[in-house]
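Below: one structure, written as structure tokens.
The values are calculated or read from the model by the stated rules, or taken from the named source; none is laboratory data. Values in this document were obtained by computation on a predicted structure and should not be read as measured data. As a convention, Cβ positions derive from the backbone with ideal geometry for all residues, glycine included, and neighbour counts pool all protein chains shown.
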Amino acid sequence: MSLSSLNPQMFTGSHDFTIGGGTFNNIGISFEAGETGLLELFRHSSSSALFNAEAQFPLPRCHPGTRESILKDLKSWVYVDRYGPNSVQWLYGPAGAGKSAIAQTLAESLAWDQNLAASFSFWRSDPSRNNAHQLFTTISLQLAVALPELRSFINLAVLKNFSALTSSVETQFDMLILKPCLEAIRVPNSSLPLRGRILIIDGLDECSDSHTQQRILFILACAMQNYMLPFQVLITSRSEPRIKEAFRSSEFKNICRWMSLDNTYQASTDIRKFLQDQFRKVLCRHSSTMEHIPRPWPTSSQIEILVSKSSGQFVYPSTVLKYIDDDSAVPADRLDIVLGLQKEETEGEEARSPFAELDALYHQILSTNKNTT
């Protein structure tokens with residue numbers, strides 16, 4: 001059973017129970033004898049932060065056939081360059097650039113190949129994952145599942161020090177991740193693999209406190225600089241000042257590769273394919289209301305205008321397509337509105353604007369920019 005499918009409420013008020021076996025249910029708990037440490041770790045974890053969590057549906061996957069170049073680079077880092085100097089990768093770009101979709105697509109691929117060590121997705125509006133309180137507890141529990149060699153060491157770490165579950169992020173990482181890893185590595189003839197598994201932290205800028213963002217980065221940098229651990233680290237975020245400052249520091253020197261979501265990875269080409277594929281689906285779904293529209297629809301020039309307006313950000317075409325693919329409207333009319341060829345004269349124009357979601361997104365960006373007046 002996956003972590004995301006478990007319900008923490010099933011453990012509320014539990015006491016005087018024994019553990020043995022391997023299933024969870026709402027009547028009794030069956031696990032491994034003596035693994036109450038992992039149970040407590042579960043209680044202090046955020047299941048909504050996992051890549052396959054129900055809270056994240058619909059999942060932000062890359063559109064098929066897009067982002068292939070950057071995914072190829074990331075997989076090469078995982079499978080070919082795992083013992084190279086860059087144990088950390090920072091994937092950065094502006095809001096709406098598709099960072100989470102790339103992280104999600106990579107996480108699914110790695111999980112399928114059993115090369116995902118752990119994942120944690122920050123989200124500003126979710127109190128269980130808009131801070132770092134449950135970051136390293138959630139990661140530690142996933143490591144215990146993904147790497148059986150760590151399981152007993154992590155369980156024992158909790159049993160020895162329950163206070164670590166609510167301690168500082170520095171203490172949590174040290175007690176629940178670093179020390180168990182080092183102890184497992186030092187076991188004679190240890191079978192614990194070094195590198196090759198990936199820890200993904202997505203949306204670090206969604207952690208509400210910028211100082212904590214830096215603390216997380218320096219914790220990881222110190223560990224990756226000084227030890228060969230059983231995982232590499234991928235971090236995605238916007239290029240916020242505090243985050244960029246941390247990655248520019250000496251702590252990350254010689255261990256981190258920066259990956260910018262710019263035209264190096266042909267975003268315009270990917271957006272064009274995304275638009276072409278999605279418009280075909282729109283045309284199919286609205287075939288009855290689009291019978292009178294000349295073909296091809298949209299025209300290649302209309303596609304190019306949308307690609308240009310996107311400025312390399314997938315959030316623009318995604319929002320435009322959602323607006324156009326409305327059951328109550330004719331897609332061709334909506335596309336004309338987007339392109340500025342006609343004005344919408346019905347009531348509630350603002351509510352139906354294709355940019356309503358973008359307005360909310362950029363309002364959040366401006367509200368967090370302290371230099372905005």
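Here are the numbers for the structure shown:
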item: Unique residue being over 16 Å from ALA101 (Cβ atoms), aliphatic (A, V, I, L, M), in contact with an Asp or Glu (Cβ under 9 Å, 6 or more places away or on another chain) and surrounded by 14 or more Cβ atoms within 10 Å (Cβ to Cβ) when the list is VAL307, VAL315, VAL320, VAL282; result: VAL282
item: Odd one out for SER310, checked against (1) free of Cβ contacts under 8 Å to residues at least 60 places away in the same chain; (2) in contact with a Pro (Cβ under 8 Å, 6 or more places away or on another chain); (3) more than 20 Å from GLY93 (Cα to Cα); result: (3)
item: Some residue of region 165-181 being farther than 14 Å from PHE136 by Cβ and either part of a helix (DSSP H, G or I) or in contact (Cβ under 8 Å) with a residue 40 or more places away in the chain (or both); result: no
item: Verdict on ILE305 being part of a helix (DSSP H, G or I), in the same structural domain as ILE324 (by TED's automatic domain parsing), among the hydrophobic types (A, V, I, L, M, F, W, C) and free of Cβ contacts under 8 Å to residues at least 60 places away in the same chain; result: yes
item: Matching entry among SER208, SER191, SER268, SER250 (being touching an Asp or Glu at 6+ places or on another chain (Cβ under 9 Å) and of a type in the set (Gly, Ala, Ser)); result: SER191
item: Verdict on GLN232 being free of Cβ contacts under 8 Å to residues at least 40 places away in the same chain and closer than 26 Å to PHE42 by Cβ; result: no
item: Sole exception among (1) at pLDDT below 90; (2) under 27 Å from ILE102 (Cα atoms); (3) crowded, with 17+ Cβ neighbours inside 10 Å for ILE337, by number; result: (2)
item: Residue that is nearest to LEU261 (Cα to Cα) [pool: residues in region 224-240 that are surrounded by fewer than 20 Cβ atoms within 10 Å (Cβ to Cβ) and more than 20 Å from the chain's Cα centre (by Cα)]; result: GLN225
item: So SER167, is it out of contact with any strand residue (DSSP E or B) (no Cβ under 9 Å at 6 or more places or on another chain), surrounded by fewer than 21 Cβ atoms within 10 Å (Cβ to Cβ), assigned by TED's automatic domain parsing to the domain that holds GLY84 and at pLDDT below 95; result: no
item: Residue that is at pLDDT below 95, closer than 24 Å to ALA107 by Cβ, of a type outside the set (Gly, Ala, Ser) and under 20 Å from the mean Cα position of the chain (by Cα), where the choices are LEU261, LEU192, LEU204, LEU220; result: LEU261
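Table: residues versus (1) closer than 20 Å to ARG257 by Cα; (2) surrounded by fewer than 19 Cβ atoms within 10 Å (Cβ to Cβ); (3) touching a Pro at 6+ places or on another chain (Cβ under 7 Å); (4) not small (Gly, Ala, Ser).
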| site | (1), (2), (3), (4) |
| --- | --- |
| ALA55 | no, yes, no, no |
| LEU59 | no, yes, no, yes |
| PRO64 | no, yes, no, yes |
| LEU116 | yes, no, no, yes |
| SER125 | no, yes, no, no |
| SER128 | no, yes, no, no |
| ALA132 | no, no, no, no |
| GLN142 | no, no, no, yes |
